[in-house]
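**Q** Can you keep this structure in mind? I'll have questions shortly.
Read-outs: derived from the displayed coordinates by stated rules, not from any lab. Just so you know, these numbers come straight off a predicted model, no measurement behind them. Here the Cβ positions follow ideal geometry from the backbone for every residue, glycine too, while neighbour counts run over all protein chains shown.
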Amino acid sequence: MPCARLTARQAIAAVADTYTETAVPDGHRTSAAASSAPDGPLGWRGYDDARARARSRTGEDESVVTALATIGGRETVVLSFEFRYLGGSLGERTGDRLAAAYTLARERGLPVVSLIATGGSRMQEGMRALTQLQRVARQSALNRAAGLPQIAVLRDPTTGGGWATLGAGADVILALPGAQIGFAGSRVRPPDADPHAYSAEGQLASGHIDAVVPPDRLRATLQRWLQLLCPPPESRTRAVAPAPPPAALGVPELPETGWEAVVRAREAARPRAEAYLRAYFDDREEISGDRCGGVDPGIRCGFGHRDGRTIAFAAQCGTATRPAGFRTAARLVRLADRLGIPVLTLVDTPGAANDAAAEQAGAGAAIADAFAALATAQVPVTSLLIGEGGSGGALALAAPDRLWATPDSYFSVIAPELAAAILKRDEAQIHDTADQLRIRPQDLRELGVIRGIVPPA
């Protein structure tokens, strides 16, 4: 049976080793009284009959089941929606259950995994139902402030307020293939709307979710994410140690001239981010997108294990970094900071993208956001220059006081060709300009820009 169509309990069983349902709260006095009033708080004719039919069909008395579960040996609070109960809609009693589950997670210091399948807020309870979104948003924020990770799994469908709170508000967002995802459900969106925009695949392409995961891989994927984002309790009492810089993978000799440094860094066969990430981590998972409608394939962000500890990473891949890339990196750094996880950045870009599309997408604001994220991080950030260090686009991902370089890299305030053009020098003077800029790794070390030059493995 496709995971998207499982019942609430089947969905939990599909990802958990074991689980025990949590107690159903009595709820606020006013909400309990209103929900138990004839036909609910609005006196909506036929609401009681609809709930009775839903109970008979599903065996549930509400649209969400909450549980304490172990997933890959990690204790977790799980929220699972029953779509067959009034379309998995959120009513007042749903809000009571969700609030109690978030509170339990805070009391026990546990992550929250949401298995979502909902059509949105319950019409038969009107504004009393809609305001549950505020309760859920507050509970999510409290858990975020407590440094507890939240992972959402978007089943089919995930629409309305359930998407705009439990789903889109999670730290890591996974979706099942083909799931309908969007604030507007299929019956209320414009008739000419592109259905791809409301699909898991469309949301991934637009930078709003992190991955589309087939049902047969979901359990293992959740296990890896929980292992990465939930450090052992005893580690939370210790100071966070910085990530060690990776060893150099390219040529070990230092360049003799500035222009030689540029040529080496631009060499197509030079080791890039993927090679460094593969050599550095034992295993890793990646996040995707800036949550603002953009994805930059030229930047890799995520979390990995190295020597038994989790390290977050943001790695430029040698292309001009786009606004979405800077925003994704900033999101990664802030999430790692909140969870107490050290960060490694790999710097490798000719510079920030400067075309019209980049300007329209807010290049300046995105770069500023990346600068701010690194500048304010309380966890240590380690940076390694592995190739081109092109101006502010590279500096935005470079730790202010913990930057190293490989022998086949350079860092410059501006590309030597552009510097020569600005100074009205001819092409023959580009090499001299590169030397004057003092962009070689050994120059950067002498200038105090980097801490040192990393040796090969």
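**Q** Can you check what the Kirkwood hydrodynamic radius comes to for region 3-229, Cα pairs only, in Å to one decimal?
**A** This gives a value of 17.5 Å.
**Q** Can you give the FRET efficiency for V413 and A193, using 1/(1 + (r/R0)^6), R0 = 51 Å, r = Cβ-Cβ distance, to the nearest 0.05?
**A** 0.65
**Q** Now, a different point. Positive end of the charge dipole of the chain (Lys, Arg +1 and Asp, Glu -1 on Cβ, about the Cα centre): tell me which of I299, A37, F281 has its Cα farthest that way.
**A** The listed residue farthest towards the positive side: A37.
**Q** Tell me what the chain gives for mean residue ellipticity at 222 nm when only DSSP H runs of n ≥ 4 count, each as -39,500 (n - 2.57), the sum divided by the residue total, rounded to 500 deg cm²/dmol.
**A** -10500 deg cm²/dmol
**Q** Normalised by the residues of region 234-453, what does the relative contact order come to in percent, with Cα pairs under 8 Å and at least six apart?
**A** 22
**Q** If amide H atoms are built 1.01 Å from N in the plane of the peptide, which residues on other chains or at least 5 residues away come under 5 Å of the amide H of A184?
**A** The answer is G160.
**Q** Below 8 Å, C-alpha to C-alpha, sequence gap of six or more: please give me the relative contact order for the chain in percent.
**A** Computed over the chain, the figure is 11 percent.
**Q** Mind checking Rg over Rh on region 170-223, alpha carbons, Kirkwood formula for Rh?
**A** 1.03
**Q** Something else: Provide Rg over Rh for region 234-453; use the alpha carbon set for both Rg and the Kirkwood Rh (inverse mean inverse pair distance).
**A** Numbers: Rg = 17.0 Å, Rh = 17.5 Å.
My calculation of the ratio gives 0.97.
**Q** Turning to a different aspect of this structure: Quick one: angle between helix 132-145 and the longest Cα principal axis of the chain, in degrees between 0 and 90, rounded to 10, please.
**A** It is inclined by approximately 40 degrees.
**Q** Once phi is turned into θ = phi - 60°, what whole-Hz ³J(HN,Hα) does the Karplus curve with 6.51, -1.76 and 1.60 give for every residue of region 185-191, x standing for Gly and Pro?
**A** Those phi angles translate into x, 5, 8, 10, 7, x, x Hz.
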